[in-house]
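The structure appears right after this line, and notes come after that.
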Amino acid sequence: MRKQRQQLFAACLLVAVLLTLPWTLCQHESLERPLRDLRYRLKAQFSTPASTEIVLVGIDAQALKEITLPLSLWSEIYLEATQILVESGARVVAPDILWEFDPDSFSRLGSSQTSLRDALLEIEQQFALLVGAAPIVIGAHLDGDHLNLPRESLQAMAGDRLALLNIHEDPDGVIRRYRLSTPVSEHQETRDWPSFGGRIAELASPSLKTPPLTEGEMFWINYSGGGGALRVISLAEVLKRQGLERFRDKVVLFGPYDTRLGDLYRSPFSRNGEPDVYGMEIHAQAARTLLSGESLHPAPPVFEIFTGLALALTVGWLFARWSIPWATFATFGLGAAWFTIASWAFVKNGWWLDISGKLGLLASVAAVCYTIRYLSVERSRRLATKLFGRYAPTQVVDRLLDDPTLAQLGGQSYEVTLWFCDVNNFSTVSEKVTPERLLSLVNEVFGEIAAIIHSHGGLIRQFVGDEVMAIYGAPVPLENHALAALKTTHDVMRRLGALSAKAPPEENLFQVKIGIHSGRVVCGNVGSKDRMEYTAVGDDVNLSSRIMGLNKINNSLALASRATIELAGECPTGLSLIERGTFPVKGRVGTIDVIECLLEVPCASTPPAS
């Protein structure tokens, strides 16, 4: 058994090592994304409120209500709002608006629209001059291979402050990462275009440091919360020049902030898959991440491999050394502990630690180790129980396999019920049949009795000649051992009575006497260090055997002591109890009250007592 456990330990550790790399390095983003979103929510709940360095101006319901012009003619509104924000002392102004004015479209409408065309061109020129003189970021948009840009005059004034408004979703449609730049092919040349949020942050803080990037030149957005987490002021208030001091030395973005205008996305805080943030908020959260320097750091692969290996080896050790239930429970505990550690690391330090891969690794190692153990140790255990259970009580074998230290001389005190059974006419039958046939008959009788004893939780202590001794309540405790012994008596008498009717007289070994008594005995191993057996020792053991012998005096089949009847507390169905009085016991001072146990409806073949 020790060698097998060593082999099991080695196998479990090997499995842990082999499974660590695949689970640590393989991509399992679909499993990890929901766990990332959960950590985002935890971080927002336990982190300090978002910085007020960034302020949002929303084209919201109030603005749409007060400004009656069609959105296509809002150029003058955008110009006025931008002028007001610049004049209020904003550090950076970033309209989340694609300026796509096409004067030719008005010319095609006829001379009646010429004045409108000229007015819009004048507004564009004024806006371009403002952009050239103030810290303003202008947006462009990449639509497939086509780059949507403002007119050349505005491009020229914006210069390197022209940035892409594109927002990139993860495969599940949630915005978790943000590009710093995007390569765009123009006129057979490729140019890296800066992102809107990245350019805002660079303009607001020229000494800005680039955060650690993930694949595709993307960084994780350190959200301060979902929709509405950042301060939002209505465009209507700005146009009325209300509270302009709120914008002094702030980074200000303005753009759509009403569901009728679209531009809605899903953040990690989205519930039920519904969009919860506007594009302006995502650009602002990305800029905030860059400006705060509180970027999120994915753990190095070496660290992930090391921690994965440590967890896997721990699970392998648990399944090699502990019982399967305890090892399984401990594995769940390891998973919960790692989830807590990973969540704490993200909330406190912005460290991304893989959770789904580690949980998958723990489950895989546990499953394989369980299979190995089942095929080796558990199989060996069943074989040992089956083999040695033929020579020793099965309950004793199980206890020894669970705790080998019990295989030593000595015992402990138990309150038990002792059950003795003796074949009535063994000598008579043995004279009429061959020894081989006698052994076959004895095995048949003992087989029936043993099955009934085991069904009621009894332990067969020994078969001696034509006698059976059973113990109820040790070494495995039994809630009502006295009642179990009485039920055994009922079932044995009924079963053997039925078999006796079918047996020829010369082979009828199905007539038995039963004695039952409850008391305190010492159960344990007796013998020598080289040869021992499990037994019960004490005065009550002898008394039980003597009660069985009283059946001959009382012309009865089954007798129980008053102690057993009182301890049982009830009489099993189908059994009746009759007082037989007080009798002296051979070899013992004093007397004992005995009670006869009779079947209420005897089998037709129930033999009379002899």
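The values are calculated or read from the model by the stated rules, or taken from the named source; none is laboratory data. Please read these numbers as outputs of a predicted model, since none were measured by experiment. All Cβ positions, even for glycine, are placed from backbone atoms using ideal geometry, and neighbour counts span all protein chains on display. Heavy atoms of the whole protein, side chains included, go into the accessibility calculation; ligands, DNA and RNA do not. Shrake-Rupley method; radii C 1.70, N 1.55, O 1.52, S 1.80 Å.
Observations on the model:
- The phi torsions of the range 248-254, fed into the Karplus equation with coefficients 6.51, -1.76 and 1.60 and a -60° offset, translate into couplings of 5, 6, 10, 8, 10, 10, 9 Hz, rounded to whole numbers, with Gly and Pro shown as x.
- Using 0.36 nm per residue and subtracting the Cα-Cα separation, the extra length available between ASN554 and ILE324 on full extension is 77.5 nm.
- Once the Cα-Cα distance is subtracted from the 0.36 nm per residue extended length, the GLU169 to SER153 segment shows a gain of 2.6 nm.
- Packing-based ranking, highest mean first, of 29-36, 255-262 given that Cβ atoms within 10 Å are counted: 255-262, 29-36
- In this simple spin-label approximation, SER292 and PHE306 carry label points 7 Å from Cα along the Cα→Cβ vector, and these lie 2.8 nm apart.
- Residue order for GLU217, GLU87 - accessible surface, 1.4 angstrom probe, largest first: GLU87, GLU217
- Heavy-atom accessible surface of the chain: percent carbon and sulfur, 1.4 Å: 56 percent
- Helices assigned as whole DSSP H runs in the chain whose Cα atoms extend at least 24 Å along their own long axis and whose mean Kyte-Doolittle hydropathy is 0.0 or higher are found at 2-25, 114-133, 301-321, 324-349, 356-373, 435-455, 481-502.
- Aspartates and glutamates whose Cα lies under 20 Å from that of LYS250, excluding same-chain neighbours fewer than 8 positions away: GLU53, GLU80, GLU87, ASP96, GLU202, GLU237, GLU281, GLU294
- Global form of the chain, assessed from the alpha-carbon gyration tensor, a/c cut-off 1.5: prolate
- Simple Cβ-charge dipole of the range 232-306, Lys/Arg +1 and Asp/Glu -1, about Cα centre, in debye nearest 20: 320 debye
- Dipole-positive endmost among LEU318, HIS187, PRO300 within the chain (Cβ charges, Cα centre): LEU318
- Using the Cβ-Cβ distance between ARG562 and ALA498 with R0 set to 25 Å, the FRET efficiency works out to roughly 0.25.
- The residue among HIS28, HIS481, LEU230 whose Cα reaches farthest toward the positive pole of the charge dipole of the chain, with charges on the beta-carbon of Lys, Arg, Asp and Glu, is HIS481.
- Take every Cα pair under 8 Å whose residues are at least 6 apart in sequence, average their separation, divide by the length of the chain, and the relative contact order is 14 percent.
- In terms of packing, defined here as the mean over residues of other Cβ atoms within 10 angstrom, the peptides 430-441, 285-296 line up highest first as 285-296, 430-441.
- Fully extending the segment from LEU42 to GLN83, taken as 0.36 nm per residue of separation minus the present Cα-Cα distance, adds 10.8 nm.
- Gap separating the Cα centres of the range 133-197 and the range 280-329, nearest whole Å: 34 Å
- Dipole magnitude of the chain, debye to nearest 20 (Cβ charges: Lys/Arg +1, Asp/Glu -1, about Cα centre): 2700 debye
- Per residue, the range 117-231 exposes 47 Å² of solvent-accessible protein surface, assessed with a 1.4 angstrom probe and all protein chains in place.
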